[in-house]
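Engineer: Sharing a structure, written as structure tokens. Questions coming.
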Amino acid sequence: MSGSGHFGGKGRIAIVGGGLVGASLALALQQGGARQRGWQISLIEPYAPGDGFQPSYDARCSALAWGTRLIYERLGLWPAIAERAEAITRIHVSERGRFAAVRLDAGEEGVPALGYVVENAWLGHCLWQALHADGIDWRCPARVTAAQAQAGGYRLTLDDGSPLDCELLVLADGGRSDLRQQLGIHVRRTPYEQTALIANVTPTEPHGGEAFERFTADGPMALLPLPDNRCALVWTRPDAEAARLLALDERAFLAELQQAFGYRLGGFAKVGTRHSYPLALLEAEEQVRSHLVVLGNAAHGLHPIAGQGYNLSLRDVMALSETLLQDGARLGELAQLQGYLAGRRLDQVLTVGFSDKVTRLFSTGQQPLAQARNLGLLGLELWPAGKRWFARQAMGLGTRP
């Protein structure tokens, strides 16, 4: 997947990062008629994707909200994704040692699933297969070593020394974006003082499409249903505790997981490779400049427990592509990009705020707050309007009519 991409068009969009966010933007622009407008789309990605998909027990996964399915249906990609997507038909939210719980059910919301869990490798495979070889200028494997603002756009320098000029530069290269730092875009970083342990586990009982979010005084945990009766585990713990759990052998680790989660899925028979990373709320102080947009984790990195990070980023992607395709302005004009961002502000503020506040509220063992949380969960379960709002947040429909 490479090419020089000399289409002879009316503007180039350079997307740095060919992962899920960058590839989704390329697909949205492709489907919206970018080529007919004479736009060249260069997708620059350091890791060459394989030609085939290899299933793996240890595959990393993403939770796709119902709203994200609707987006991928519009892009014509959902039938392919659905081949390896596990539906979340129920969500059980509880707190360890408390009797109250909230139970969300897809049937009550009038949808076949509240969301889906999909292996990132499969999602990437589906995206790459859908991108037309004659419509996308693949620079892969390649890295951008420098980006220099110039009149009407940016000049990029690739790691082979070649230059690439573009009217719009999109940074979709992750939370540790070197280019974001190089361009002087500051990031607000608020540590959670927690580490996420990520692994796939196999319970002895069928998960039945149910997802669990369980809050403890030491941090929340989530178990999401996967194909083949596996579950994706996200277990957040204080940093030192996470390091200790990571060092345990499989048997000892599963014993501690069992004690923290309980027996709603029977026993845990297997755990795959464990990974860990420190958690912080990341927010770029600038998401747009003239001829520049910051997307995905480079723009905002959320706590993983609510599963909203990728879904929020995909809504940004669709709004950006629609703004570019509908607006008559020259590609990359600041007013055009500010209009895109203004339209995204409410969703970003609400989604980031919801994820952050829930995480912080349920990560303290202070007794008055613990009692208030219990009453809040009980009230939410008994209050249909509140439960409906909570369900819409989980489904990625929070700011939609």
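Engineer: Restricting attention to the range 272-286, and to residues there that are part of a loop (DSSP other than H, G, I, E, B) and among the charged types (D, E, K, R), which single residue is surrounded by the fewest Cβ atoms within 10 Å (Cβ to Cβ)?
Structural biologist: Step one: filter the range 272-286 for residues part of a loop (DSSP other than H, G, I, E, B), giving 272-274, 285-286.
Checking which are among the charged types (D, E, K, R) leaves us with 274, 285-286.
Working: ARG274: 20, GLU285: 9, GLU286: 16.
Across the range 272-286, the extreme among qualifying residues is GLU285.
Engineer: Of the residues ALA65, ALA34, ALA23, only one is in contact with a helix residue (DSSP H, G or I) (Cβ under 9 Å, 6 or more places away or on another chain) and more than 17 Å from ALA133 (Cβ to Cβ); which? Break it down into steps so the answer makes sense when it comes.
Structural biologist: Details: ALA34 fails: more than 17 Å from ALA133 (Cβ to Cβ); ALA23 fails: more than 17 Å from ALA133 (Cβ to Cβ).
The unique qualifying residue is ALA65.
Engineer: Looking at GLN148, GLN129, which one is of a type in the set (S, T, N, Q) and modelled with pLDDT of 95 or more? Let's see the steps before the verdict.
Structural biologist: Working: GLN129 fails: modelled with pLDDT of 95 or more.
One residue alone meets the criteria, GLN148.
Engineer: Ok, one more. Can you pull out every residue in the range 162-181 that is out of contact with any Gly (no Cβ under 6 Å at 6 or more places or on another chain), under 22 Å from SER321 (Cβ atoms) and of a type outside the set (D, E, K, R)?
Structural biologist: Correct list: LEU164, LEU169, VAL170, LEU171, GLY174, SER177, LEU179.
Engineer: Which pairs turn up if I take residues in the range 157-172 that are more than 19 Å from ALA26 (Cα to Cα) and in contact (Cβ under 8 Å) with a residue 60 or more places away in the chain and look for partners that are open to solvent by 60 Å² or more (accessible area, probe 1.4 Å) and in a loop (DSSP other than H, G, I, E, B) with beta carbon separation below 9 Å, at least 6 apart in sequence or on another chain?
Structural biologist: LEU158/ARG143
Engineer: Ok, one more. List the residue pairs whose Cβ atoms are under 6 Å apart, where the first residue sits in the range 275-287 and is touching a residue at least 60 places away in the same chain (Cβ under 8 Å) and hydroxyl-bearing (Ser, Thr, Tyr), the second is surrounded by 18 or more Cβ atoms within 10 Å (Cβ to Cβ) and not in a strand (DSSP E or B), and the two are 6 or more positions apart or on different chains.
Structural biologist: Going by the 6 Å Cβ cut-off, the qualifying pairs are SER276/ALA242.
Engineer: Can you tell me which residue among GLU86, GLU95, GLU119, GLU73 is closer than 24 Å to LEU197 by Cα and at pLDDT 95 or above?
Structural biologist: Values: GLU95 fails: at pLDDT 95 or above; GLU119 fails: at pLDDT 95 or above; GLU73 fails: closer than 24 Å to LEU197 by Cα.
Among GLU86, GLU95, GLU119, GLU73, only GLU86 is closer than 24 Å to LEU197 by Cα and at pLDDT 95 or above.
Engineer: Right, next: Between GLY184, GLY219, which is over 24 Å from the mean Cα position of the chain (by Cα) and at positive phi? So that I can check it myself, show each step before the final result.
Structural biologist: Numbers: GLY219 fails: over 24 Å from the mean Cα position of the chain (by Cα).
None of the others qualify; the one that does is GLY184.
Engineer: Look at ALA133 and say whether it is of a type in the set (A, V, I, L, M, F, W, C), without any contact (Cβ under 8 Å) to a residue 60 or more places away in the chain and outside any helix (DSSP H, G or I).
Structural biologist: Values: of a type in the set (A, V, I, L, M, F, W, C): yes; without any contact (Cβ under 8 Å) to a residue 60 or more places away in the chain: no; outside any helix (DSSP H, G or I): yes.
It is false that ALA133 is of a type in the set (A, V, I, L, M, F, W, C), without any contact (Cβ under 8 Å) to a residue 60 or more places away in the chain and outside any helix (DSSP H, G or I).
Engineer: Please work out which one of (1) farther than 24 Å from GLU119 by Cα; (2) of a type outside the set (Lys, Arg); (3) open to solvent by 20 Å² or more (accessible area, probe 1.4 Å) is the condition THR216 fails and give its number.
Structural biologist: Of (1) farther than 24 Å from GLU119 by Cα; (2) of a type outside the set (Lys, Arg); (3) open to solvent by 20 Å² or more (accessible area, probe 1.4 Å), only one is false for THR216: (3).
Engineer: Any idea which of ARG103, ARG155 is basic (Lys, Arg), touching a strand residue (DSSP E or B) at 6+ places or on another chain (Cβ under 8 Å) and either within 25 Å of SER321 (Cα to Cα) or open to solvent by less than 50 Å² (accessible area, probe 1.4 Å) (or both)? Break it down into steps so the answer makes sense when it comes.
Structural biologist: Details: ARG103 fails: either within 25 Å of SER321 (Cα to Cα) or open to solvent by less than 50 Å² (accessible area, probe 1.4 Å) (or both).
Criteria check complete, one pass: ARG155.
Engineer: Can you confirm whether the range 267-289 contains a residue that is of a type in the set (Asp, Glu) and under 17 Å from the mean Cα position of the chain (by Cα)? Walk me through how you get there before you give the answer.
Structural biologist: Step one: filter the range 267-289 for residues of a type in the set (Asp, Glu), giving 283, 285-286.
When the remaining residues are screened for being under 17 Å from the mean Cα position of the chain (by Cα), the result is 283.
Yes; the residues of the range 267-289 include at least one that is of a type in the set (Asp, Glu) and under 17 Å from the mean Cα position of the chain (by Cα).
Engineer: Looking only at the range 287-330, filter to residues that are open to solvent by 20 Å² or more (accessible area, probe 1.4 Å) and part of a loop (DSSP other than H, G, I, E, B); which one of those is nearest to VAL352 (Cα to Cα)?
Structural biologist: LEU302
The values are calculated or read from the model by the stated rules, or taken from the named source; none is laboratory data. As the structure is a prediction and not an experimental result, all values here were calculated from the model. Quick reminder, even Gly has a Cβ in these numbers, built from the backbone with ideal geometry, and neighbours come from all protein chains shown. Note: areas computed on protein heavy atoms with side chains; ligands, DNA, RNA excluded. Shrake-Rupley method; radii C 1.70, N 1.55, O 1.52, S 1.80 Å.
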